[in-house]
Amino acid sequence: MATTTATATVAPKYWSGGRSPFNVEYGKLMMWYFLMSDAFTFGAFLIAYGTTRFAANGWPNPNEVFKSYPGAGEHPNAPLVFVSVMTFILIVSSVTMVLAVQAGHEMKKSRVVFNLILTIIGGLAFLGCQAWEWTHLHAEGAWWGHNPFLNSNGSVGHQDFTNFFFTITGFHGFHVFSGVIINIVMLIMTLLGVFEKRGHYLMIEKAGLYWHFVDLVWVFVFTCFYLI
Amino acid sequence: MEQHTAYSDVLHEDTHGGGTKEVIKVTIILSVLTIVEVFLGFWMIGMEENGFGKHFVKGVIIILMLAKAFYIVGYFMHLKHELKNLIMTIIVPCLLFVWFITAFLFDGNSFRTLRNKYNPVYKQMTTEKAPATEEKKDEKKPGQE
Amino acid sequence: MSNEAVLQTSVEGAVAHGVHHEDEHHEHHHHDTFISKYVFSMDHKMIAKQFLITGMVWAVLGGLMSVLFRLQLGYPDSHFTFLEDILGKFWVQDGKITPQAYYALVTTHGTVLVFFVLTAGLSGTFANFLIPLQVGARDMASPFMNMLSYWFFFLASVIMLSSIFVETGPFSGGWTAYPPLSALRGASPGSGTGMDLWIIAMALFVVSSLLGGLNYIATILNMRTKGMSMTRLPLTIWALFFTAVLGVLSFPVLLSGFILLIFDRNFGTSFYLSDIFVQGSGANTGILPNEGGNAILFQHLFWFLGHPEVYIILLPAMGMVSEILSVNSRKPIFGYMAMVGSLFAIAILAFLVWAHHMFVTGLNPFLGSIFVLLTLLIAVPSAIKVFNWLTTLWRGNIRFTPAMMFAIGFVSLFISGGLTGIWLGNSALDIHLHDTYFVIAHFHIVMGVASMFGMFAGIYHWYPKMYGRYLNNTLGYMHFWITMIGAYLIFWPMHYEGLAGMPRRYYDYSIWESFKQFGGLNQFISTVALIVFATQILFLFNFFYSIWKGRKVTSKNPYNSNTLEWTTPINPGHGNWVGEIPEVHRWAYDYAKDGKEFVPQNVPIDPNESHHH
């Protein structure tokens, strides 16, 4: 704590009150801390998943489960392909979101609109992929409480494989969905010129933070469910 | 809501990142990392279950995952260009995850060993091959033994 | 969840930021309707009062529940037929609390007291009330989210309350909601609808506490007035800050655990279920098909919140006690930085020790030994705090106001309850002591009663600021002495019962040869509990009577206190200060300095002054 007093004497007195110590307005600060708490929500899910896997003698091999793609025919054998496409979609939509935020800083309304539309399309595309994957797995007999896939050691499949898969990807999908809704709201507000009148596009920045967080969570979900 | 007045300077002092150039750079890095991950994933398919090789590759994938997380949080979420104070308030609480993960996984592992020790029926059921008749999709049986 | 709320309020915030007001002088002249002033109020002071009064309603209900189950424990052979007429057949049969009702009462008592009274009622009240006033802000960062926080709590309250009235009774598997009692709908009568309502209420409660916590953190960090550096903050604010951090980081984990539990209950999953044989009739009999899960996983997830929750309850009380002890000893708090540091240490350790609640549940013993080490470390910052409180009192010019009495009572209870924590923190001793009355005695003294004392101290101390009137002192002293002596009389004997191995959560001890000897003691405890409960009614009378009829506060700073809330008008409006917010020039504890009795924070530094903070 002594360091805080030390920094207070340095030229910009960030900690001495009357201003934000982080040079950010409170809304962004709250968004950051909200994302922190949400990280603990997802963290708890993934750690629970990890704990269950550590407690299990056998676990299905993801490459045997997730190896299909739309229009693959009867016996698809393309592990990781479809989910890589999904990952790529989300990364690209994150990039367009960054560009929208930057365009907002430069007060370029048309570029904000363009990039936001791309982001929304990316989000919807991701949701579409997820919907297809869920439908496909459901058709194979997988659902909450039902796991048709055998463990990699050949024993009866661990029930929590599908339980965790649907719960966690579902919870992530719910975040993507709310992110898309938020982005649509942002798009409408931009089109109505709300931010232009306000003189800044900070709202887009906060929506962006949320959207990137969704991308970040997917990085973890992708690794934990599909890769390892 | 008059209390916000003092902070109007915030808006003008915002430190910006490296612009579009940086975004392109980070996009390329993230794509490359993902491609490497997927490549490692493919490579892992043929490996022996629970062998050293597989665990090693999994470890590498986790490190790559953390690298991706760093780039997303640092550049896309702009954290790297924020003040150090803010960075610390985000990073330090995340350190709690270390013990959170360690303790949980350690206990999960212990649960498995205890169960295998005291419940031989459970051990048998979860390590023995499933009766083939039960599975309608018999051809989907995993490849590697 | 709360995303929409976050967004919506940041819209308002951004508006306020965009507009550059040069002067803060102009006063708003809203036309407050009854609804906007007392119901959907965005004034932090009104929201604080809403939290307080809702918390008090819950405290009375929770206390009443404890009186009812203490009746059963103290008088297992008596028949209270009049209760049957009041409560009905589900609760009382043949003049005795039914076993089902007994467990429902114990469970609801725990849930309500821990979450609704000591979390929402304590930190909800005082964080809302004190943060803007003591850091020098006109309101919370987002008043709208603050309002939402209360109304989510209110909704949670309504749902929890309604669970008491369903036909099969409220949830009865203990406030920790361990599966399988909480996961299988047929496990007990309360595991069906009662548990549904319980879990919905708790989920809403988590949302409420997140909305509140984010607001508290953002306000403390971002909205401090000029000169109010972090090291000049009153200790109340530091404590509330760490409380909010604990809540924001640990409640989400509980939410995750509950979501998995909801899936186990309703969607055929088995996150927490394994190797269960269901006895009964019909199709449900036999081996439960859902398996592969791990009940200990739930306990881990629960206690990852559950332990920080203990400090969510305790830290606000510690902060307020520090402030009240200093003001009423007319001395600076001893070791301000050590106090902050120990709060910080406690906040960190809170996240590292959760499994000490699980030593005997099948936790790995080696892992348990690490948790023992981490747990015992908590004694260090706790001891620092205790010694600092005692040295603050040392040779102080003490004013024994009711608030001060309760603050001193807090220190006493914290010591006697904390010491037994060292026993329980050892996994070897815990083999004998777990799930006995020793545990009950420990956590009731150190967490329950101590935090209640902190809350009472806070209410007595800041009541004049809340309502512009004083509470009656005579009633206050009666309240203190009876509660203080009563608390010790109730919980001290429980240590002996626990050491003798008397388990908690049993319905009737009189039929056990080994515990028959405690019949008289149990009767004594129950009688004292009844008296202490009645005394709280006295406090309630004092509280509500004084709102309208109490002695009026005549000066802005009745306690000659240093903190900023006493620079506001006696009845501050929305916005707190008329005119500019005072600038802060010193820390909050310049008492008995340079021959002056007290120097408020907004007094500029005199060039001849001795060293200052």
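Derivation of every value follows stated rules applied to the coordinates shown; laboratory data play no part. As the structure is a prediction and not an experimental result, all values here were calculated from the model. Neighbour counts are summed over all protein chains in view; Cβ atoms, including those assigned to glycine, are modelled from backbone coordinates with ideal geometry.
So, by mean Cβ neighbours within 10 angstrom, what's the order for A:99-111, C:75-87 with the highest one leading?
Peptide ranking by packing, descending: A:99-111, C:75-87.
Rounded if a/c is under 1.5, else prolate if a/b is larger than b/c, else oblate: which is the stretch C:372-487, with a ≥ b ≥ c the root eigenvalues of its Cα gyration tensor?
Prolate.
Which of A:175, A:155, A:208 sits closest to the plus end of the dipole of chain A, meaning its Cα is farthest towards the positive end, when Lys and Arg get +1 and Asp and Glu get -1 on the C-beta?
Farthest towards the positive end: A:208.
Using Cα pairs under 8 angstrom and six or more residues apart, how large is the relative contact order of chain C, in percent?
15
Please list the equivalent ellipsoid semi-axes of the stretch C:563-613, computed as the square roots of five times the alpha-carbon gyration tensor eigenvalues, in descending order and whole angstrom.
25, 11, 8
Between beta-carbons, use under 15 Å as the cut-off and find the net charge around residue C:96, counting Lys and Arg +1, Asp and Glu -1.
Taking every Cβ under 15 Å from that of residue C:96, the sum is -3.
For chain A, set up a GNM with springs between Cα atoms under 10 Å and report which of A:148, A:60, A:76 has the largest fluctuation.
Per the Cα network of chain A with a 10 Å cutoff, A:76 tops the list.
Check the straight Cα-Cα distances from residue A:206 and name the lysines below 24 Å, setting aside those fewer than 8 residues away within the same chain.
Leaving aside lysines fewer than 8 places away in the same chain, those within reach of residue A:206 are A:28, A:108, A:109, A:197, B:21, B:25, B:68, B:80, B:84.
Based on DSSP H runs of at least 4 residues, each adding -39500 (n - 2.57), what is the mean residue ellipticity at 222 nm of the protein assembly as shown after dividing by all its residues, to the nearest 500 deg cm²/dmol?
Calculated from helices alone, the mean residue ellipticity at 222 nm is -21000 deg cm²/dmol.
In terms of the ratio Rg/(2.2 N^0.38 Å) built on C-alpha atoms, what value belongs to chain C?
Ratio of Rg to 2.2 N^0.38 Å for chain C: 0.98.
Quick one: Debye curve from the alpha-carbon atoms of chain A only, equal weights, vacuum; give me log10 I(q)/I(0) at q = 0.09, 0.14 Å⁻¹ to two decimals.
Log10 I(q)/I(0), no solvent term: -0.49, -0.93.
So for the protein assembly as shown, what percent of the C-alpha to C-alpha distances run longer than 37 Å?
I get 51 percent for the Cα pairs in the protein assembly as shown exceeding 37 Å.
Assuming a viscosity of 1.002 mPa s and a temperature of 20 °C, what translational diffusion coefficient in µm² per second does Stokes-Einstein assign to the stretch C:191-244, Rh being the Kirkwood radius over Cα pairs?
163
For a quick check: with amide H placed at 1.01 Å from N, whose amide H comes under 5 Å from residue C:96's, ignoring anything fewer than 5 positions away on the same chain?
Amide H neighbours of residue C:96, under 5 Å, 5+ apart: C:80.
Using amide H atoms built 1.01 Å from N in the peptide plane, name the residues 5+ places from residue A:153, or on other chains, whose amide H lies under 5 Å from its own.
For residue A:153, the qualifying residues are A:59.
Straight-line reach only, C-alpha to C-alpha below 23 angstrom: list the lysines that residue C:552 could link to, leaving out same-chain residues fewer than 8 apart.
Cα-Cα hits under 23 Å: C:37, C:45, C:49, C:465.
Where the only charges are on Cβ atoms (+1 Lys, Arg; -1 Asp, Glu), what is the dipole of chain C about its Cα centre, to the nearest 20 debye?
Charge dipole of chain C: 1240 debye, to the nearest 20.
At 37 °C and 0.692 mPa s, what whole-number value in µm²/s does Stokes-Einstein give for the translational diffusion of the stretch C:216-320, with Rh from the Kirkwood sum over Cα pairs?
196
Angle check, please: helix C:295-329 long axis (alpha carbons) against the longest principal axis of chain C (alpha carbons), in degrees 0 to 90, nearest 10.
Between the helix axis and the principal axis of chain C, the angle is about 40 degrees.
Of the options A:86, C:63, B:64, report the single residue whose Cα projects farthest towards the positive end of the charge dipole of the protein assembly as shown (beta-carbon charges: Lys, Arg +1; Asp, Glu -1).
Looking along the dipole axis, the top candidate is C:63.
Roughly how compact is the stretch C:481-613, stated as its Cα Rg over 2.2 N^0.38 Å to two decimals?
1.80
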